[in-house]
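> Below is one structure. I have some questions about it.
The values are calculated or read from the model by the stated rules, or taken from the named source; none is laboratory data. None of the values given here were measured: they were computed from a predicted structure. Because the Cβ atoms are built from the backbone with ideal geometry, glycine has one as well, and the counts that use them run over all protein chains shown. Surface accessibility is based on the protein's heavy atoms, side chains included, excluding ligands, DNA and RNA. Shrake-Rupley method; radii C 1.70, N 1.55, O 1.52, S 1.80 Å.
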Amino acid sequence: MIPMNMVTPPPELAAITALQSKLVEALRPILPEYALLWEPEDTIPYECDGLAAYRRMPLAVALPETEAQVSQILKVCFAMQIPVVPRGAGTGLSGGAMPISQGLVLSLAKLKKIIKIDPFTRTAVVQPGVRNLAISEAVAHLGLYYAPDPSSQIACSIGGNVNENSGGVHCLKYGLTLHNVLRVRGILMNGEIVEFGSHAPDSPGLDLLAVVIGSEGMLAVVTEVTVKLVAKPKLARVIMASFDNIEKGGDAVAAIIAAGIIPAGLEMMDKATTRAVEEFVHAGYDLEAEVILLCESDGTPEEVEEEIERMTRVLENAGASGIRISQDESERLKFWSGRKNAFPAAGRLAADYYCMDGTIPRRHIATLLRRIQAMEKKYGLACLNVFHAGDGNMHPLILFNGADQEEWHRAEDFGTEILEACVELDGTITGEHGVGIEKINTMCVQFGEGERESFWGVKSAFDPERLMNPNKAIPTLSRCAEYGRMRISGGKLPHPELERF
Ligand SMILES: Cc1cc2nc3c(=O)[nH]c(=O)nc-3n(C[C@H](O)[C@H](O)[C@H](O)COP(=O)(O)OP(=O)(O)OC[C@H]3O[C@@H](n4cnc5c(N)ncnc54)[C@H](O)[C@@H]3O)c2cc1C
């Protein structure tokens, strides 16, 4: 009999609690007590990733320490048909590691061993929870480093990098995660171990490595990664060029690449960003410039001297109003410090900021920046622009106050309009942050039904029951129909044959 003062929980809540107890009981024999969390005060740190606007509590969180435990956990969840959300360091910006309310969060953070460093083949074998920067730190004494350098590299894990195909400042010259990983080992939802790629530059049979890299935790849980290491350049210098107009700055980016130069880094900041960061980094940015370009050259001293000279000429011809070249390492770091601190600087200007991530062909940079200026007026929200100009990968930071729901929705709409503009300009809705839940609707704008069906085909080949990180990255037909209903364009309703809901 229920005591008079106790409230009976609603049936859905009772069902979730019962499922949670069953799951915890089933996982207990696999994990030590401290590695299994289910009380809300323990699981709340896992309710979101770096996209904190979207949150949900999971049924439970498992923190395995070995690959064997990962496999056993997956087998249990597969048998119970419980969805699993893999998670690295949780720095993702598209909600890829956001929990599912009736699912398990599988954190790989405790798998953090560097298994092998081989200076002869210039490779390292690491577990997925190893931080990006930790790889470079571990091989620095050999004069080597791991090239892809997301701005979050101090915290983000290599497992997350593999699943997001992460990039960074140096990826223009040295390639993305995809180009710097040789082999990935993982576990399918049914607990089976799989390997993609090999320790050699090529592998026999159908090479599925590129399918797994960037798969956003939807195909397999990554448990081991073989990365390439590259030699640290002898010297690096950076040019800081100012432009009094956005178009000239945008054209300069295209001109550098057109001249056959691939800088080690080619990044742009607009006036709002330089003003926001200068206040605390004191890098000596030209505060009157509409945009500033940072162009880095690295290599031997002779190579750097020659490339800096060529880039200077191109920038002058493109109409730079000012050019400064770093004279020593501390000045080079100073020039970069504003770029590296742009996100925290946005945090000083507003309670919250929403970091978008879309890519456009380099020649359209100025067009998109002008459109964003018009959107600032339309939505009544300010936006800082700081981005990987060489890749055409834009990161508008929309400033808003998250305590005000209406303002957040305006920020969301602002972001969606930027992504739609990227597609219109022959670009893509994502650059390096993945689709996750954030861009799942705009996937409907970018891809047609046939393309989405083929994505589902790949997903089903790995995970036929759709239990691994479901409802992320690939939209269903009904979701796209509903999104189309909300955003009718040119009076035409997409998928008119479908029942509306
Ligand atoms: C301040 C800041 C700056 C950033 N700068 C950059 C940048 O310059 N470039 C860039 O590309 N990104 C950047 N990011 C985004 C983010 O850091 C990257 O996407 C990073 O790769 C995420 O790694 P993570 O370990 O935090 O993964 P998480 O956020 O934990 O997960 C990301 C995705 O990978 C999946 N996943 C994680 N680990 C595994 C695994 N072992 N097996 C299977 N699936 C897994 C998750 O399910 C999720 O879908 C930035 C983020 C922040 C907060």
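> Count, please, the residues in region 125-154 that happen to be near the ligand (Cβ under 8 Å from one of its atoms), modelled with pLDDT of 95 or more and in contact with a Lys or Arg (Cβ under 7 Å, 6 or more places away or on another chain).
Result for region 125-154: 1.
> Yes or no: PRO64 out of contact with any Pro (no Cβ under 8 Å at 6 or more places or on another chain), within 23 Å of GLU192 (Cβ to Cβ), within 12 Å of the ligand (Cβ to nearest atom) and part of a loop (DSSP other than H, G, I, E, B)? Reasoning before the result, please.
Values: out of contact with any Pro (no Cβ under 8 Å at 6 or more places or on another chain): yes; within 23 Å of GLU192 (Cβ to Cβ): yes; within 12 Å of the ligand (Cβ to nearest atom): yes; part of a loop (DSSP other than H, G, I, E, B): yes.
Considered against the rule, which asks whether it is out of contact with any Pro (no Cβ under 8 Å at 6 or more places or on another chain), within 23 Å of GLU192 (Cβ to Cβ), within 12 Å of the ligand (Cβ to nearest atom) and part of a loop (DSSP other than H, G, I, E, B), PRO64 comes out as yes.
This table checks each residue for (1) under 13 Å from ALA389 (Cβ atoms); (2) surrounded by 19 or more Cβ atoms within 10 Å (Cβ to Cβ); (3) touching a residue at least 60 places away in the same chain (Cβ under 8 Å).
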position	(1), (2), (3)
ARG324	no, no, yes
ARG339	yes, yes, yes
ARG348	no, no, yes
TYR354	no, yes, yes
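> State whether the residues of region 222-236 include one that is without any contact (Cβ under 8 Å) to a residue 60 or more places away in the chain, within 16 Å of the ligand (Cβ to nearest atom) and open to solvent by 10 Å² or more (accessible area, probe 1.4 Å). First the steps, then the outcome.
Taking region 222-236 as the starting set, the residues that turn out to be without any contact (Cβ under 8 Å) to a residue 60 or more places away in the chain are none.
No, region 222-236 contains no residue that is without any contact (Cβ under 8 Å) to a residue 60 or more places away in the chain, within 16 Å of the ligand (Cβ to nearest atom) and open to solvent by 10 Å² or more (accessible area, probe 1.4 Å).
> Moving to a separate point now. Across region 442-487, what is the number of residues that are open to solvent by less than 50 Å² (accessible area, probe 1.4 Å) and in contact (Cβ under 8 Å) with a residue 12 or more places away in the chain?
Within region 442-487, residues that are open to solvent by less than 50 Å² (accessible area, probe 1.4 Å) and in contact (Cβ under 8 Å) with a residue 12 or more places away in the chain number 22.
> Ok, one more. Among the residues that make up region 381-400, is at least one of them more than 15 Å from the ligand (Cβ to nearest atom), without any contact (Cβ under 8 Å) to a residue 60 or more places away in the chain and open to solvent by 30 Å² or more (accessible area, probe 1.4 Å)?
No, region 381-400 contains no residue that is more than 15 Å from the ligand (Cβ to nearest atom), without any contact (Cβ under 8 Å) to a residue 60 or more places away in the chain and open to solvent by 30 Å² or more (accessible area, probe 1.4 Å).
> Need the failing condition index for GLY103 against (1) in contact with a Ser or Thr (Cβ under 8 Å, 6 or more places away or on another chain); (2) under 30 Å from ALA403 (Cβ atoms); (3) open to solvent by less than 10 Å² (accessible area, probe 1.4 Å); (4) at pLDDT 95 or above, just the number.
(1)
> When you scan region 3-15, do you find a residue that is farther than 23 Å from GLY90 by Cα and either modelled with pLDDT of 95 or more or in contact with a Cys (Cβ under 8 Å, 6 or more places away or on another chain) (or both), even just one? Even if it seems obvious, please write down each step before you answer.
First, pick out the residues of region 3-15 that are farther than 23 Å from GLY90 by Cα: 3-15.
Retained after the next criterion (residues that are either modelled with pLDDT of 95 or more or in contact with a Cys (Cβ under 8 Å, 6 or more places away or on another chain) (or both)): none.
Scanning region 3-15, I find no residue that is farther than 23 Å from GLY90 by Cα and either modelled with pLDDT of 95 or more or in contact with a Cys (Cβ under 8 Å, 6 or more places away or on another chain) (or both), so the answer is no.
> Now for a different question. Can you find, within region 190-215, the residue that is surrounded by the most Cβ atoms within 10 Å (Cβ to Cβ) among those that are within 20 Å of LEU108 (Cβ to Cβ), more than 23 Å from the chain's Cα centre (by Cα) and of a type outside the set (Asp, Glu)?
Once the filter is applied, the top-ranked residue is GLY191.
> Another question about this same structure. Here are LEU172, LEU178: which of them is under 25 Å from MET218 (Cα atoms) and either hydroxyl-bearing (Ser, Thr, Tyr) or more than 8 Å from the ligand (Cβ to nearest atom) (or both)? Walk me through how you get there before you give the answer.
On the way: LEU172 fails: under 25 Å from MET218 (Cα atoms).
LEU178 is the lone residue from the list that is under 25 Å from MET218 (Cα atoms) and either hydroxyl-bearing (Ser, Thr, Tyr) or more than 8 Å from the ligand (Cβ to nearest atom) (or both).
> If you take the residues of region 33-61 that are in contact with a helix residue (DSSP H, G or I) (Cβ under 9 Å, 6 or more places away or on another chain) and either among the small types (Gly, Ala, Ser) or part of a strand (DSSP E or B) (or both), which of them is farthest from ILE115 (Cα to Cα)?
ALA53
> Which members of region 141-163 meet the condition of being open to solvent by 40 Å² or more (accessible area, probe 1.4 Å) and assigned to a helix (DSSP H, G or I)?
Once the filter is applied, which keeps residues that are open to solvent by 40 Å² or more (accessible area, probe 1.4 Å) and assigned to a helix (DSSP H, G or I), region 141-163 yields HIS141, LEU142.
> Identify, from the list VAL445, VAL435, the residue that is out of contact with any strand residue (DSSP E or B) (no Cβ under 8 Å at 6 or more places or on another chain) and within 14 Å of the ligand (Cβ to nearest atom). Break it down stepwise before answering.
On the way: VAL445 fails: within 14 Å of the ligand (Cβ to nearest atom).
So the residue among VAL445, VAL435 that is out of contact with any strand residue (DSSP E or B) (no Cβ under 8 Å at 6 or more places or on another chain) and within 14 Å of the ligand (Cβ to nearest atom) is VAL435.
> Pick from region 105-124 the residues that are within 14 Å of the ligand (Cβ to nearest atom) and of a type in the set (Lys, Arg): which of them is farthest from the chain's Cα centre (by Cα)?
LYS113
> Taking GLU47, is it at pLDDT 95 or above, open to solvent by less than 70 Å² (accessible area, probe 1.4 Å), touching a Leu at 6+ places or on another chain (Cβ under 9 Å) and among the charged types (D, E, K, R)? Outline the logic, then answer.
Details: at pLDDT 95 or above: yes; open to solvent by less than 70 Å² (accessible area, probe 1.4 Å): yes; touching a Leu at 6+ places or on another chain (Cβ under 9 Å): no; among the charged types (D, E, K, R): yes.
No, not satisfied.
> Out of the residues in region 247-270 meeting the condition of being open to solvent by 10 Å² or more (accessible area, probe 1.4 Å) and hydrophobic (A, V, I, L, M, F, W, C), tell me which one is nearest to VAL304 (Cα to Cα).
The selected residue is ILE262.
> Another one. Out of region 176-189, which residues are open to solvent by 10 Å² or more (accessible area, probe 1.4 Å) and not in a strand (DSSP E or B)?
If we filter region 176-189 for residues that are open to solvent by 10 Å² or more (accessible area, probe 1.4 Å), which is where we start, we get 176, 178-179, 182-183, 185, 188.
Result: LEU176, LEU178, HIS179, LEU188.
> I'm trying to understand the selection: among the residues of region 70-95, which are surrounded by 21 or more Cβ atoms within 10 Å (Cβ to Cβ) and assigned to a helix (DSSP H, G or I)?
Residues satisfying the conditions are VAL70, ILE73, LEU74, CYS77.
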